[in-house]
Amino acid sequence: MENQVLTPHVYWAQRHRELYLRVELSDVQNPAISITENVLHFKAQGHGAKGDNVYEFHLEFLDLVKPEPVYKLTQRQVNITVQKKVSQWWERLTKQEKRPLFLAPDFDRWLDESDAEMELRAKEEERLNKLRLESQGSPETLISLKKGYLFMYNLVQFLGFSWMFVNMTVRFFILGKESFYDTFHTMADMMYFCEMLSVVETINAAIGVTKSPVMPSLIQLFGRNFILFFIFGTMDEMQNKAVVFFVFYAWSTVEIFRYPFYMLYCLDMDWKVVTWLRYTVWIPLYPLGCLAEAVSVIQSIPVFNETGRFSFTLPYPVKIKVRFSFFLQIYLIVLFLGLYINFRHLYKQRRRRYGQKKKKIN
């Protein structure tokens, strides 16, 4: 005796681009699901409302659909997804106005048109965000690019300051004290380049490319460039003084130990000797460098007074001449205040790195 052909319960829902049908059949075997001439044909052996039997139905859709239905079998049901040819909202599922008795809305997936539009916009936004992220590159790629950029920056600075350090050292051993007096003329171009490039370091800290605090970097940037461009760069009388050698030498010595540490950090490497030098060499060199800068400012005060450069007279009725040396005297105070801020910052860094942990006494 052949199994009786019956119609299963079918539940449906829609989105602008898709139709969802849920066929209430369990233990389905050998399903035959196809779309021909815009009609969905379903036939399968399974357990439904009328027990274990062959269930079959046909649905002619309201509008055109793509003839490739996708279905998924579960233990309790068959889920069918049909793609609409045109993305739009249908007023009903079937071409016939009267709903078939076996067909009902799937309230678990049901959305009205406005909610479906919101869902569609959310999916589209998610898709665009995904494309945007793919175009920008994966997080791993961005991290690699950042490390490569920082490595190259630190390498260029290391090479520049190393060239100056070696050059000044060799010249000192060959010429002795005579090398002090033409340091500016032999080193100025490279020092200009390195100190102008150090603006990048402050920008990196400001925009979050590096984790360094902005203030210590900004203090060093302003202090060095003020000495280099205003005290030495604008006054020919200062360029032949021995203090230029000591300022440049202190700056270069600090940096030839600092930049290799940053380069290794970009490569996720830690050489103990380099790390120790980076966190230790500054202890004598920062105060000595600051002292040399202060001497250069003090020596420049009478020069600025004699030449009157950068001095100005206040407008009527005050008519008081303000000498640039007045600002230099204020700068001397600011110079040592900056030393204190940077010294305190570097001391905290060293303490975090090498500070001894207090042992608990039981």
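The values are calculated or read from the model by the stated rules, or taken from the named source; none is laboratory data. Please read all numbers here as calculations on a predicted model, not as lab measurements. Note that each Cβ is placed from the backbone with ideal geometry, even for glycine, and that neighbours are counted across all protein chains shown. Areas reflect the complete protein model, heavy atoms only, side chains present, ligands, DNA and RNA absent. Shrake-Rupley method; radii C 1.70, N 1.55, O 1.52, S 1.80 Å.
Taking residues in region 240-252 that are farther than 20 Å from Phe173 by Cβ, and partners anywhere that are in a helix (DSSP H, G or I) and of a type in the set (Asp, Glu), the pairs with Cβ atoms closer than 8 Å and at least 6 places apart or on different chains are Asn240/Asp182.
Results for (1) over 30 Å from Tyr149 (Cβ atoms); (2) open to solvent by less than 30 Å² (accessible area, probe 1.4 Å); (3) modelled with pLDDT of 90 or more; (4) of a type in the set (A, V, I, L, M), shown as yes or no for each residue.
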site	(1), (2), (3), (4)
Thr275	no, yes, yes, no
Pro287	yes, no, yes, no
Ile298	yes, no, yes, yes
Val318	yes, no, no, yes
Leu346	no, yes, no, yes
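Looking at Val65, is it open to solvent by less than 30 Å² (accessible area, probe 1.4 Å) and among the hydrophobic types (A, V, I, L, M, F, W, C)? Considered against the rule, which asks whether it is open to solvent by less than 30 Å² (accessible area, probe 1.4 Å) and among the hydrophobic types (A, V, I, L, M, F, W, C), Val65 comes out as yes. Strands (runs of 3 or more DSSP E) fully within region 61-105 that include at least 3 residues being touching a Leu at 6+ places or on another chain (Cβ under 8 Å) and touching a residue at least 40 places away in the same chain (Cβ under 8 Å): 78-83. Selection over region 224-242 of residues that are part of a helix (DSSP H, G or I) and open to solvent by less than 10 Å² (accessible area, probe 1.4 Å) gives a count of 5. Restricting the first member to region 185-199 and to residues that are over 18 Å from Leu150 (Cβ atoms), and the second to residues that are part of a helix (DSSP H, G or I), the beta-carbon pairs closer than 6 Å and six or more apart or on different chains are Met187/Met164; Met187/Phe248; Met190/Gly160; Met190/Met164; Glu195/Arg224; Glu195/Asn225; Glu195/Leu228. Scanning region 243-273 for residues that are surrounded by 15 or more Cβ atoms within 10 Å (Cβ to Cβ) and assigned to a loop (DSSP other than H, G, I, E, B) yields no hits at all.
For the condition in a helix (DSSP H, G or I) and open to solvent by less than 70 Å² (accessible area, probe 1.4 Å), Leu337 does not qualify.
Among residues of region 95-119 being of a type in the set (Asp, Glu) and touching a strand residue (DSSP E or B) at 6+ places or on another chain (Cβ under 9 Å), the one that is surrounded by the fewest Cβ atoms within 10 Å (Cβ to Cβ) is Asp108.
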